[in-house]
Amino acid sequence: MTQPILVFLHALGASSGEWDLVCRQLGHLPSLALDLPGFGARSDEGYADVTAMADDLADTIRRNRLTACILVGHSMGGKIATLVAARAQAGEQGLAGVVGVVLVAASPPAPEPMDDDRRAQMIGWVSDGPVGQADAETFVDANTARPLPPPLRERAIADVRRSSREAWLGWLERGSLEDWSRQAGSITIPALIVAGAEDGDLGEDAQARLNRPHYRHAEMRVVEGAAHLIPYEQPDALAALIADHAASLAGSILPAGFVHILGSDRVSRRTRAAMLERTRPVSDDQCGWSEAQLAMVAALIAHVLPDRGADRDLARHVGAAVHGPGDGWRFADLPPDRVAWAQGLATLDALTGGFVTLDHAAQAEWLKRIDAGRMDDHGDRTSGPDRLTPDQMALWFQDVRAEIVRQWMASPAAMAAIGYDGFAVGGDGPRKQGYARTAANDAERWQHATETTA
């Protein structure tokens, strides 16, 4: 299985070095810690505005051909991570590998909350040049719950002092105040949002109000014993949270070759966005199942697609389809899909005395009988206004198999598994690219990329 690469973005007045302790704890995961323009080793580049920093990150992802990456943004870097995640969701070319986001005391897409007097004070620190020693010490000490160990404190202070004056001013006077809420929108890429328990302006409340609403699938965590400089203050705790989030995304990672094709100019932005959306989780609310129904559908998946087992994620996708627009057809002897599924599951449960409590062999035997319409000796269990008749159950079980397979085959993971690349024949240009070679076993050069496995 491909491990996602963690792409780290630092805070105002910091550098890639702020992640050293976190990366050390995450040694089993590949990482790429960046210096943003104007900071760290790039301090001579001056100020890059929000758009330029987001472009810089997007270009880095493309240049390094990252096919599975998680964007980890601290404070200022969090705003940039969110905006690039939004661009990835919208299907921007070369960003198909963005599978997750971690925000650490992150600046939101909206104007960053900051006390006016403190903002003015920080701007005043650079009135005559770069931040001085005393002001840098004040900045670091004010953003930690407790004094940092001397070596870490000195490193953090040194990063503040070498920050570009233009970059420092640019963020405080413009970048942090810009409102990018509309561009961020509502992002379906899974996110972990971390706040320091003793942080001020960007603490738990601000994260819940200003960052959480932009992510449909977000988990919030608070780190005790930390204020704003969490990577320095609590690197072990932060690394553990990041590792857990990375592990939770394993199922959404596609083979590298498939992602290269999906992210190429052979695929239109709209198609890319739609396909990537199918890799994202469906919430319990979106799927429309009760907990009992979800368990039953997952159990049915284990029979229809044995290799998937009782796949609850796929069951949620099936639920979203059943309770959404539907597939456009139904058997004339069945009610509309959402009613048929509710009644079919209720009938199955009554008929079997609790379908999910049976072992796999017993479940399989019942499904064979339902498929054959052999339930006449259990008529008392299938009668009632919310039950399907034996003939209807046989039809419903046909629909169950079709819908489960339809949802699975529509997933990019299934397309990658069977080597399907029919989605990569268009692009956004006026001339659609199609296939040049169409004979059996006569693949074109670009098609060989799909053979790369995770």
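The values are calculated or read from the model by the stated rules, or taken from the named source; none is laboratory data. Quick caveat: nothing in here was measured; it's all calculated off a predicted structure. With ideal geometry, Cβ positions are generated from the backbone for all residues, glycine too; neighbour counts draw on all protein chains shown. The accessibility values were calculated without ligands, DNA or RNA, using every heavy atom of the protein model including side chains. Shrake-Rupley method; radii C 1.70, N 1.55, O 1.52, S 1.80 Å.
Among the residues of segment 260-299, those identified as within 17 Å of Val339 (Cα to Cα), hydrophobic (A, V, I, L, M, F, W, C) and touching a His at 6+ places or on another chain (Cβ under 9 Å) are Cys287, Trp289. Do we find a residue being closer than 22 Å to Arg42 by Cβ and part of a loop (DSSP other than H, G, I, E, B) anywhere in segment 194-216? Within segment 194-216 (the criterion being closer than 22 Å to Arg42 by Cβ and part of a loop (DSSP other than H, G, I, E, B)), the answer is no, since none of the residues qualifies. Looking for something assigned to a loop (DSSP other than H, G, I, E, B) and of a type in the set (Lys, Arg) - is there at least one such residue anywhere in segment 60-74? So far as segment 60-74 goes, yes, one or more of its residues are assigned to a loop (DSSP other than H, G, I, E, B) and of a type in the set (Lys, Arg). If we keep just the residues of segment 217-244 that are not hydrophobic (A, V, I, L, M, F, W, C) and not in a loop (DSSP other than H, G, I, E, B), which is surrounded by the fewest Cβ atoms within 10 Å (Cβ to Cβ)? Of everything passing the filter in segment 217-244, Asp236 is surrounded by the fewest Cβ atoms within 10 Å (Cβ to Cβ). Can you find a residue that is at pLDDT 95 or above, touching a strand residue (DSSP E or B) at 6+ places or on another chain (Cβ under 7 Å) and buried (at least 24 other Cβ atoms within 10 Å of the Cβ) anywhere in segment 27-36? Checked against the condition, which is being at pLDDT 95 or above, touching a strand residue (DSSP E or B) at 6+ places or on another chain (Cβ under 7 Å) and buried (at least 24 other Cβ atoms within 10 Å of the Cβ), segment 27-36 yields at least one hit. Answer with yes or no whether Ala340 is of a type outside the set (Val, Ile, Thr), modelled with pLDDT of 95 or more, part of a helix (DSSP H, G or I) and touching a His at 6+ places or on another chain (Cβ under 7 Å). No, not satisfied. For segment 100-133, the candidate set comprises residues that are open to solvent by less than 60 Å² (accessible area, probe 1.4 Å) and either polar (S, T, N, Q) or in contact with a Gly (Cβ under 6 Å, 6 or more places away or on another chain) (or both); within that set, the residue that is nearest to Trp180 (Cα to Cα) is Ser107.
Please verify whether segment 359-367 includes one or more residues that are more than 27 Å from Phe331 (Cβ to Cβ), modelled with pLDDT under 95 and loosely packed, with under 14 Cβ neighbours inside 10 Å. Scanning segment 359-367, I find no residue that is more than 27 Å from Phe331 (Cβ to Cβ), modelled with pLDDT under 95 and loosely packed, with under 14 Cβ neighbours inside 10 Å, so the answer is no.
Just checking, does segment 394-409 include any residue being without any contact (Cβ under 8 Å) to a residue 40 or more places away in the chain, over 21 Å from Ala315 (Cβ atoms), in contact with an Asp or Glu (Cβ under 8 Å, 6 or more places away or on another chain) and open to solvent by 30 Å² or more (accessible area, probe 1.4 Å)? No: segment 394-409 contains no residue that is without any contact (Cβ under 8 Å) to a residue 40 or more places away in the chain, over 21 Å from Ala315 (Cβ atoms), in contact with an Asp or Glu (Cβ under 8 Å, 6 or more places away or on another chain) and open to solvent by 30 Å² or more (accessible area, probe 1.4 Å). Applying the criterion of being in contact (Cβ under 8 Å) with a residue 40 or more places away in the chain and of a type in the set (A, V, I, L, M) to the residues of segment 42-52, the residue that is surrounded by the fewest Cβ atoms within 10 Å (Cβ to Cβ) is Val50. Considered as a group, the residues in segment 269-310 that are within 19 Å of the chain's Cα centre (by Cα) and more than 30 Å from Lys432 (Cβ to Cβ) include one that is surrounded by the fewest Cβ atoms within 10 Å (Cβ to Cβ), and that residue is Asp285. When Val223 is tested against (1) in contact (Cβ under 8 Å) with a residue 60 or more places away in the chain; (2) more than 20 Å from Gly97 (Cβ to Cβ); (3) among the β-branched types (Val, Ile, Thr), only condition (1) is not met.
Count of segment 134-178 residues, restricted to those that are in a helix (DSSP H, G or I), of a type outside the set (A, V, I, L, M, F, W, C) and either over 32 Å from the mean Cα position of the chain (by Cα) or surrounded by fewer than 17 Cβ atoms within 10 Å (Cβ to Cβ) (or both), is 14. Looking across segment 15-26, not a single residue is part of a loop (DSSP other than H, G, I, E, B) and open to solvent by 40 Å² or more (accessible area, probe 1.4 Å). Checked against the criterion of being at pLDDT below 95, open to solvent by less than 50 Å² (accessible area, probe 1.4 Å), more than 14 Å from Ala184 (Cβ to Cβ) and not aliphatic (A, V, I, L, M), segment 72-92 has no qualifying residue.
The combined condition, being open to solvent by 40 Å² or more (accessible area, probe 1.4 Å) and in contact with a helix residue (DSSP H, G or I) (Cβ under 7 Å, 6 or more places away or on another chain), is not fulfilled by Arg63. Examine segment 429-446 for a residue that is modelled with pLDDT under 90 and either surrounded by 17 or more Cβ atoms within 10 Å (Cβ to Cβ) or not in a loop (DSSP other than H, G, I, E, B) (or both), and state whether such a residue exists. Within segment 429-446, one or more residues are modelled with pLDDT under 90 and either surrounded by 17 or more Cβ atoms within 10 Å (Cβ to Cβ) or not in a loop (DSSP other than H, G, I, E, B) (or both). Phe39 fulfils the conditions (1) closer than 22 Å to Ala247 by Cβ; (2) open to solvent by less than 10 Å² (accessible area, probe 1.4 Å); (3) not polar (S, T, N, Q) except for a single criterion, (1). Looking only at segment 245-258, residues that are within 15 Å of the chain's Cα centre (by Cα) and in contact (Cβ under 8 Å) with a residue 24 or more places away in the chain come to 9 in all.
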